[in-house]
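First up is the structure itself, then whatever we jot down about it.
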4 protein chains.
Amino acid sequence: MIRFQCDYAEGAHPLILQKMAETNEEQTVGYGNDPYCERARKKIRTLCDAPEADVHFLVGGTQTNFTVIRSILRPHQGAVAANTGHINVHETGAVEATGHKVLPLPSEDGKITADQVREYYEAHWQDADHEHMVQPGMVYISHPTENGTLYSKEELKALYEVCQELGLPLFLDGARLGYGVMSEASELGLADIAAFTDVFYIGGTKVGALFGEAVVITNPALKKDFRYLIKQSGGMLAKGRLLGIQFDVLFTDDLYFRISDHADRLAMRLKEAFVKKGYALRYDSYTNQQFPILPDEHLEKLKEKYSFGFWERMDASRCVVRFCTSWATKEEAVEELIRDIEVL
Amino acid sequence: MIRFQCDYAEGAHPLILQKMAETNEEQTVGYGNDPYCERARKKIRTLCDAPEADVHFLVGGTQTNFTVIRSILRPHQGAVAANTGHINVHETGAVEATGHKVLPLPSEDGKITADQVREYYEAHWQDADHEHMVQPGMVYISHPTENGTLYSKEELKALYEVCQELGLPLFLDGARLGYGVMSEASELGLADIAAFTDVFYIGGTKVGALFGEAVVITNPALKKDFRYLIKQSGGMLAKGRLLGIQFDVLFTDDLYFRISDHADRLAMRLKEAFVKKGYALRYDSYTNQQFPILPDEHLEKLKEKYSFGFWERMDASRCVVRFCTSWATKEEAVEELIRDIEVL
Amino acid sequence: MIRFQCDYAEGAHPLILQKMAETNEEQTVGYGNDPYCERARKKIRTLCDAPEADVHFLVGGTQTNFTVIRSILRPHQGAVAANTGHINVHETGAVEATGHKVLPLPSEDGKITADQVREYYEAHWQDADHEHMVQPGMVYISHPTENGTLYSKEELKALYEVCQELGLPLFLDGARLGYGVMSEASELGLADIAAFTDVFYIGGTKVGALFGEAVVITNPALKKDFRYLIKQSGGMLAKGRLLGIQFDVLFTDDLYFRISDHADRLAMRLKEAFVKKGYALRYDSYTNQQFPILPDEHLEKLKEKYSFGFWERMDASRCVVRFCTSWATKEEAVEELIRDIEVL
Amino acid sequence: MIRFQCDYAEGAHPLILQKMAETNEEQTVGYGNDPYCERARKKIRTLCDAPEADVHFLVGGTQTNFTVIRSILRPHQGAVAANTGHINVHETGAVEATGHKVLPLPSEDGKITADQVREYYEAHWQDADHEHMVQPGMVYISHPTENGTLYSKEELKALYEVCQELGLPLFLDGARLGYGVMSEASELGLADIAAFTDVFYIGGTKVGALFGEAVVITNPALKKDFRYLIKQSGGMLAKGRLLGIQFDVLFTDDLYFRISDHADRLAMRLKEAFVKKGYALRYDSYTNQQFPILPDEHLEKLKEKYSFGFWERMDASRCVVRFCTSWATKEEAVEELIRDIEVL
C-alpha cells in the first residue's frame, strides 16, 4: 500500500532525528526556555522580518488553534471562519469547548473575503438585538486552505486591512504553510504573512517535523501571558527543546522550504496527470493536496494499491477524493501512480 | 405607541400579582422547596399525564435552555437544532459558552424532521473521521417555533421515535407553548408533548407570568442532580416560591390556556386582515406571531402608531415584519390595527 | 414556626408590589432598556456619587457573581477571595464552571486584608514556575461578609490601593449591602464603596426586593460589552423593567436604608439578648446575621418554635447557629424570641 | 552545571531514538490507530493483568489529567484531591478551565486517606445546602506523589474500596509511576494499580520517553468515546505512532523498569548522603525525588555546580530543596555530588 492519504504518514526529516540523537544527552531547562528554542525563535523572527514577534512552540494544530483563539476572545465573542475551516469541521468542537462559537461564513473553496467579513460584522452591529448574538471578535483563515487553495497578496492584504479597521485580530492557520509559500502560485512569503496578520502559525507536523507548530505573534496586544495559556491548554511540552530542535533544523539551510517545494512539485505532476486523463478537479489547487473527481470504478482500481482520502460524493458515479504529497513522498511513488492513472 | 413587538411588553396576568400580594408576608423555605412550588408541580404533572415527571422552575428561557443542554451532554457532544433555533441565533452563544456546539440543520420554517436527524446522525457515524467531529448528543426543537409554526402529532412522534432509536434525548423549548397548544391548528396537547419528548419546558415569561419557565423531565435518566445544575447555572431563585405561585395561578381554572387562546384568536384576526389586504405571509403561522410581507411605505405608515419587529428584507420594496399578540393584547388594539391596515 | 433562618423568607416590601401592580398594564421595551431601569440607574449613580458609573440589573447573586467575574478575567486568571467567600463555598462551583479557579486566602471572620493580597500576588510572581499556576487576576470580597462582619473604611481603602497598584480589579459582593451601610458599626456608605472598588453590587433579593441585584461598574475598563455577558450568562430578564421598578422603589424616600436599619436594630437586640444570657458569639457581627454559640439542649428547645440556620459544631455540647433578621422581620417576633431566650 | 532539577532534562532513552530512526520512513495511519500503538497497548494490558482495559496515548501530563477528569465528571461535580496534588497546584487551573473545581483535602505528605474521602463525601451529603456546593464526583491521587511518597497496598485498596462504595471513580496520576513501582519501599506493581483504580496513567515523559503518557482505563463505564475527548482536548497526536513506538520500546525487555530502578537506586544513595551529613528530610521519600533541608550557605555553595529545585523556606537559615534523579542520571554525577556534600 502506497499512502497518499495525508501528509503525516511518515516520521520526520532525517536531519531532525539526527539532531535529536546528537543532543539527546544534553541537559536543558524545560518548557521551551532552552537555547534550541531560543535559536529557532531568532531564525523565525528573521525569516518573518518581524524582529519584535513573540514565537511559541506547541505540539499540534488543534491545540494551537484553540489556544490562540481563547487567548484573544472575551467570553461573548466568536471566531469568524470559513464554514469549511478546520476549527469548524475537524477539531471535535475544540473551540466551542473553550466557550466560543465559530461563526461560519459560506465558502466554496476554503477562502473568505474582506467583503464577507465586513458585511458580517456590520450586520451584527446593525441588528437591534446584537447583544443577543455572538459578537465577532476575530477572524480565522487557513493558508493554504483545507481545499488546497491560496490567498493572493491582494486578498490577504484586503482581509487584514478590514480586520484592522474593525478591530478584529486576524489569525492564520498555517498547518501546511510550507506547501503554501513554495507553491508556484504563491504570492505570499513568510514576511508577507507576518505583515498581514496579527498572529499565525508555521506548521511542522505536516511539513517534516515529528510534531510541532510555531506560533508567531506580531500584534503586541496579543502577546501578554501567552505561556500561561499554553500551559493551561495542555500544550506546554516538558522537554520543550524537542520543538526548538526541530524548528531549528527546519530553518537551517532552507530545509523547510526545500522539502515543501518537493511536495508541491510532485503534486503538480499528479495534477497534470489527472487533468490529462480528463478528470475534473474539485478545487484548483497549486499545493500539496489535489482533489480530482474520479469514476467509482477507477477509484476501486486505485484502492488496490494506493490509499487516499474520500472527500465527498459528486454524483451517482463519481467521487471527489484527496491525494496528498508531502516532504516524504517519493518520486517513484508518484511516477508509479501516474502510470497507473494513465492506464485506468 | 401600541406595541405588537413582542409577547413580553407588559407585566403579568393580574391574578398572579394578586396572589403574590396575598402571600407576600408568608414565610417559606427558599430555592423552590416551598408548598407553592410543590402544588404547581402536582398540577403540571397531572396536566401532562406524567405522574413521575420531575418539574423544576427556572427564571428565563436562555438560562433554561443552556441548563438543560449542559445537564445532558458530555463534553464532546453537541445539540442538533434547526439553524433558526433560538439557541443557535439569539442567545449570545450561551450553549457554546458551556462548551457545546450547536449543530444546525437547515430549516425553512423553523422545524426539523425525523429524516434530517437520522441522516445527520448516520453521516456522522459513517464518516471515517467522526472522532474529529462533534458527536450529535441530543436534539433541540421549539414548539411553536421561532417562526410561529407547529409540529403535527405525526411529525413530533416521528422525531421522538428516531431520537429514541438513536439514543438522542429530545428537548422541546416551549417558550410559547401555550400559544402552541391552543392554536386552532394544534394537534398536540401537554400530555402529547410530555409523551413524545424526554424533557421540555412550559414557558411562563411570554404567557402571562412576570417571568419563569417550568422544566418537565420525563426521561428518568435525565433527572439526576438537576438542582445542582440549576444552582450552578445561576437559575435557582432564592425566593423560589415566586415561581411556584405563578405557575400555580396559571394552572388554576385553565388560566394558562384561556389567555393563550385569547392571543391566538387575535393573531388569527390579524392574519386574516393581512391576507385580505393582499399581503403575502413569510410563514404560515397559526399562533401568536404573524409574519406578513409589507411594502416599505406601508411599514413607515404603521410605524407612526405601532411598534412591531423587523424580520428581514424581502426585496427592494418589501420587508418581512413580525406582529405578536399576547395574553395581554387588547381587542381594541387589534381592531384599531386592522382598520389601519384596511386603509393603507 | 417563626423563621430566622435567612433574609429571604418573605416576598417583597409592599411598596414594590404596589408599584408593580400600578404599572402592570404599561407596555415597555424589554431587557432593561425601559424608563424604570433608567430612572433606577440615575438614582443609584447619584447615591453612589458616581455619575459615570454603568449600572446593570441582574436577577440573583450567584448569577451576578459569575457574570462579573468572567467579564473581567482572562482564561488563565483566577479570583482571589476569602476561603469563606460565597463564590468559594456556596455557589456550586459556578465560577469554576466558567473556567476560573477561586484562589482562597485564609480568613477567620470572612474578611481578607490588603497585606494578604499583596503577599499572595508577590508570591505568585516570585515563583519560578508561576506560569504553571493560576494567575491572580482580581479580588473578590463580600460586605457585609458571610459572617456578618464589616470592612472599616481604612481596611477597604487599603485593599483598593493595593489592588490598584497591582492591577487587580476589586469586586465587592453586596448581597446584604443595605445591612452593611446601616449598621451602627458601619464606616462605609454607598459613595465610599463606589470610590474604593472597581465594581460592586447592591443586593435586592435579601433587602426588600422580590429578587434582583444592581451591578455598579465604576472602572471604565470593565464596562465594555457587559450586556452581552449578562445575556450569555442567562441573567437578562425579558421583562427587565421588573428590576428597574424594584430598585426605583427601593431608592425612593430612602426605603432601602430604612428597611435595612430596621433589620440591623432588631439584630442588635437579639445580639444583646444572647450576650446577656451568657452565650459566646462566633463572630462579632453588627449586621443582620448573628452567630451565637448555644448548648445543644437550648437549640432543641428553640427549634420547637423557631427556624434558624445550623452553622457548625463548636464542641461536644454546643453549636454555632445563625439567626437572621431582615427588612420583613416583625418586632413582635424578635421580642418573643428574646423572652424565650431569657427563660432557656 | 549538573542538573538534578527535574526528571525531564534530557531527551529519551537511546533505544527509543533508535527505533524512531529505524521506522522513520514507514507509512502508517495516524491518530494512534497504527500497529505500533496496538503492540504497545497489548504489552501494557498484559503487564497490568487487565486484558479488557482500554489504553490510550497522550502527549503530556497536564493534558492527560484534564482530559481524563472532564471525561468522567458531570458539570456540577469536582475532583477530590490532596491540596498538594499536581492538578491543584501546578497546572495553571487546567481542570477549572474545563469547568470543574478541584476539591482539596489537607495533606502533609501528598497522600490522602480512605477516611478523608469518606468524611468529605458524607459531609457533603449531610449538608442541608449540598446542592449549593460542588458535588464530589471522583478522586484523584498521584503515585508516587509530588512529594516522593508512596501509597501502601493497604492504603490504595482502602481508598479504592471507599471509592467503589461511594460511586467515585478513582484516578491515579502516574507521571512518575516507574519510580514508584521500582522503589525499594514499593508494595504496588502495575497489576495492583490496575486492580485498585478505575483509570490511571503510566508516565513516559519523566521516565525515559521523549514525551507521552499511557492512560489505562479499566472501568468499562469510563471507556466510552474517550478518543473524542482526546481529540477535543488537543491531545491526539497526528503521528500517533510516535507514542506507540516509545511505549513499545519502554515495555520491551523491561526497559521501563530497569531505568526506573536505576534512578531510584541513585536517589537512595543521595538520600543516604544527606542523612549522613545530618540534614533532615522534609518527606521520607523512597523514590527519585529527595527533599533535604539544607542551610542557606550550603545551598549557595552547591548552586555553583549543580542545579536543583527550590521547594520552600523552612526557617530563617534553612530551605527545603528538591533533587531529582532520572533514568538518565549518571552514576558519576551522583558520586561527585555526594563527595561535595560530604565536604560542605
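The values are calculated or read from the model by the stated rules, or taken from the named source; none is laboratory data. Being a predicted model, the structure only gives us computed values, none of them experimental. Note that each Cβ is placed from the backbone with ideal geometry, even for glycine, and that neighbours are counted across all protein chains shown. These accessible areas exclude ligands, DNA and RNA; they are computed on the full protein's heavy atoms, side chains included. Shrake-Rupley method; radii C 1.70, N 1.55, O 1.52, S 1.80 Å.
Of the GluC sites (Glu not before Pro) in the stretch D:297-332, which ones lie in a loop per DSSP and count no more than 14 other C-beta atoms within 10 Å?
Details: sites: D:Glu297, D:Glu300, D:Glu304, D:Glu312, D:Glu331, D:Glu332; in loops: D:Glu304.
Answer in residue order: D:Glu304.
Among beta bridges from DSSP that stay inside the protein assembly as shown, the antiparallel ones total about 55%. Where the centre of each part is set by its Cα atoms, how far does the stretch A:1-52 sit from the stretch B:286-310, in angstrom? For the stretch A:1-52 versus the stretch B:286-310, the Cα centre distance is 63 Å. Structure remark: mean-square fluctuation, Gaussian network model of chain A, C-alpha springs under 10 Å; the largest value among A:Ala267, A:Ala40, A:Ala21 belongs to A:Ala21. Considering only D:Cys163, D:His124, D:Ala195, whose Cα is most displaced toward the positive end of the charge dipole of chain D, charges sitting on Cβ of Lys, Arg (+1) and Asp, Glu (-1)? Of the options given, the answer is D:Ala195. Once you've got the GNM for chain D with C-alpha springs shorter than 10 Å, pick whichever of D:Asp264, D:Asp253, D:Asp129 has the biggest mean-square fluctuation. Answer for the Gaussian network model of chain D: D:Asp129.
Using the Kirkwood radius built from alpha carbon pairs, what does the Stokes-Einstein equation give as D for the protein assembly as shown at 20 °C and 1.002 mPa s, in µm² per second? So the translational diffusion coefficient is about 64 µm²/s. The stretch B:1-115 has equivalent-ellipsoid semi-axes of 32, 21, 15 Å, by the square roots of 5 times the alpha carbon gyration tensor eigenvalues, sorted largest first. Taking the DSSP beta bridges with both ends in the stretch A:14-250, the antiparallel portion is around 40 percent.
Which residue fluctuates most in the GNM of chain D (Cα springs below 10 Å): D:Val216, D:Val334, D:Val89? Most flexible of the set in this elastic network: D:Val89.
Distances between copies at D:Trp125, taken between label points 7 Å from Cα along the C-beta direction, are 3.5, 4.7, 5.6 nm in increasing order. Residues of the stretch D:132-152 buried by at least 20 Å² of accessible area upon assembly of all protein chains, compared with the chain on its own (1.4 Å probe): D:His132, D:Met133, D:Val134, D:Gln135. For the pair C:Asp49 and A:Glu26, label points projected 7 Å from Cα toward Cβ lie 6.3 nm apart.
Of all beta-carbon atoms in chain B, the one sitting closest to the axis that brings chain B onto chain D gives B:Gly99, 3, with the distance in whole angstrom.
Counting Cβ atoms of other protein chains within 10 Å of each Cβ in C:83-92 and taking the mean gives 4.
The stretch B:326-344 and the stretch A:106-158 have Cα centres separated by 43 Å. On the basis of the beta-carbon distance and an R0 of 41 Å, B:Lys303 and A:Glu165 show a calculated FRET efficiency of 0.80.
Restricting the GluC sites (Glu not before Pro) of the stretch B:144-188 to loop positions (DSSP other than H, G, I, E, B) with no more than 16 neighbouring Cβ atoms within 10 Å leaves B:Glu184, B:Glu187. In terms of distances greater than 29 angstrom between alpha carbons, the cross-link table entries A:Lys231/A:Lys330; A:Lys239/D:Lys224; B:Lys276/B:Lys301; B:Lys19/B:Lys224; D:Lys153/D:Lys303; B:Lys43/B:Lys224 yield A:Lys231/A:Lys330; A:Lys239/D:Lys224; B:Lys19/B:Lys224; D:Lys153/D:Lys303. Taken about its Cα centre, the stretch C:285-333 carries a charge dipole of roughly 100 debye when the Cβ of each Lys and Arg holds +1 and the Cβ of each Asp and Glu holds -1. Comment: the Cα-to-Cβ extended label point of D:Pro14, at 7 Å, lies 2.0, 9.3, 9.5 nm from its counterparts in the other copies, nearest first.
In the complete set of protein chains, residue-level accessible area for A:Ser186 is approximately 30 Å², probe 1.4 angstrom.
For the stretch D:14-250, what is the charge dipole size about the Cα centre, in debye to the nearest 20, if Lys and Arg each add +1 at the Cβ and Asp and Glu each add -1 at the Cβ? Mind showing how you got there, number by number?
Values: 21 positive and 31 negative charges, 198 e Å.
With Lys and Arg at +1 and Asp and Glu at -1, about 960 debye.
With the convex hull of its Cα atoms as the shape, the stretch D:226-326 has an orientation-averaged projected area of 9.7 nm². For the protein assembly as shown, the mean residue ellipticity at 222 nm estimated from helices alone is -12000 deg cm²/dmol, where every DSSP H run of n ≥ 4 contributes -39500 (n - 2.57) and the total is divided by all residues, rounded to the nearest 500. Distance from the C-alpha centroid of the stretch A:244-283 to that of the stretch D:170-198: 47 Å, rounded to the whole angstrom.
Looking at the stretch C:50-124, which GluC sites (Glu not before Pro) are DSSP coil and have at most 13 other C-beta atoms within 10 Å of their C-beta?
Listed in order of number, the matching sites are C:Glu52, C:Glu108.
Taking the label point 7 Å along Cα→Cβ, A:Lys277 and its counterparts in the other copies are spaced 6.3, 7.1, 9.3 nm apart, in ascending order. Placing +1 on each Lys and Arg Cβ and -1 on each Asp and Glu Cβ, with no other charges, gives the protein assembly as shown a dipole about its Cα centre of roughly 0 debye.
From the gyration tensor of the Cα coordinates in chain A, what semi-axes in whole Å does the equivalent ellipsoid have, largest first, with each one equal to sqrt(5λ)? List each step's numbers first, then the result.
Numbers: eigenvalues 204, 155, 56 Å².
Listed largest to smallest, the semi-axes of chain A are 32, 28, 17 Å.
Counts of other chain beta carbons within 10 angstrom of each beta carbon in peptide C:234-245 average 6.
With a 1.4 Å probe and every protein chain kept in, tell me what percent of the accessible surface of the stretch B:128-242 is carbon plus sulfur.
Details: 1350 of 2800 Å².
Answer for the stretch B:128-242 is 48 percent, counting heavy atoms of protein chains only.
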